[in-house]
Each structure stands twice: as structure tokens, then as C-alpha cells.
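These notes concern the structure reproduced below.
FYI, it's all coordinate maths here, none of it is from the lab. None of the values given here were measured: they were computed from a predicted structure. Positions of Cβ are backbone-derived with ideal geometry, glycine not excepted, and every protein chain shown enters the neighbour counts.
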Amino acid sequence: MKLNELSDNVGATKRRKRVARGPGSGTGKMGGRGIKGQKSRSGVSIGGYEGGQMPLYRRLPKRGFNKPNAKHYAVVNLGLIQKFITEGKLDIKNPITEETMIASGLVRRALDGVRVLNKGEITSKVTLVVTGASASAVEAVAKAGGSMTVAPVLEPKAN
């Protein structure tokens, strides 16, 4: 096989449709836009236009608010932590931090930190170091004989 013998599979590439390039193309003269009217002109934008009536998206009231500096936490349940411990993916001899959770596959990415919630049961005596936790999760870990340190990640102040 030589370089000049290489070619794509049949049907792998498709030719571009050349609109408004003469009568022989099949889409010549008016280029598939029909005769006259607003849609045949260039620069038309009539999405949501209701013929002079106030459009629906302007008649309805705006609701809600998106906080620009909201924190997004990776959520982990206690039952899932216990499952990873029993499977041997997490070692309870060392403190379980956000980095060890990511390394074990428990959390995909930390986002703004890891938040532990009290769903499921924990029976192992573990030491957890996370960004956030619910009060009931802290209580459940303490009840199992472990401890949970909630240490929020401090961000540098922008001046």
C-alpha cells in the first residue's frame, strides 16, 4: 500500500451542499427559501415572535435567583463509605481525607469540597477529614466510635 492509494471508506465523507449557486445545483435562484416574505430575507430573527402580541416569555414573571458564588459539594453518604471500607478500597488505619476518597473512586472530583450525609449505616471506627458534614452524620460517626473533622477549605481573598 502506498500513500497515493489511501482513501476513506465509501460513505465516510459527504460533500457540502452548495446553496444558491445556479440552476444546475437544484437549490439555485432562491436557495430553498421560497418566494418573498420575512423568512426569505437575510438577518431575520423571529424566534418567539408572536405577530406584534407581547411574547409569552415577556408576559410571564421572572422567578428565582442563581447565586453567583454558590458552593457545590461532592456528596457522600455514610453507607457508601462503609461499603468501600468492607470492600477494602478505603483503609481505616489512616484518616480518610478527600484525596483518599478520590483515589479510591468513592468521589469523582472534590468540586468545592466533600460533604458527608447520614444515609446508610456506618459500623467501622473511622477518622474522617472533610469540608462539610450534616449534624446527624457527625453524630453517627461518633456513635460508631470514630471522629469527623469538618475543616472547610479557606480560599484566598481577592483584592
*Which helices (runs of 4 or more DSSP H) does the stretch 43-159 wholly contain that include 2 or more residues that are polar (S, T, N, Q) and in contact with a Phe, Trp or Tyr (Cβ under 8 Å, 6 or more places away or on another chain)?*
none
*Any residue in the stretch 17-32 that's on the phi > 0 side of the Ramachandran plot: show its pairings with residues that are part of a loop (DSSP other than H, G, I, E, B) and loosely packed, with under 13 Cβ neighbours inside 10 Å at Cβ separation under 7 Å, as long as the two are six or more apart or on different chains.*
Gly31/Ala20
*asked:* surrounded by 10 or more Cβ atoms within 10 Å (Cβ to Cβ) and touching a Lys or Arg at 6+ places or on another chain (Cβ under 6 Å): which single residue out of Tyr73, Tyr49 fits that description?
replied: Tyr73
*Out of Ile102, Ile81, Ile96, Ile85, sole residue that is of a type outside the set (Gly, Ala, Ser), farther than 15 Å from Lys125 by Cα and surrounded by 14 or more Cβ atoms within 10 Å (Cβ to Cβ)*: Ile102
*asked:* Quick check on Gly145: is it surrounded by 11 or more Cβ atoms within 10 Å (Cβ to Cβ), out of contact with any strand residue (DSSP E or B) (no Cβ under 7 Å at 6 or more places or on another chain) and at positive phi?
replied: yes
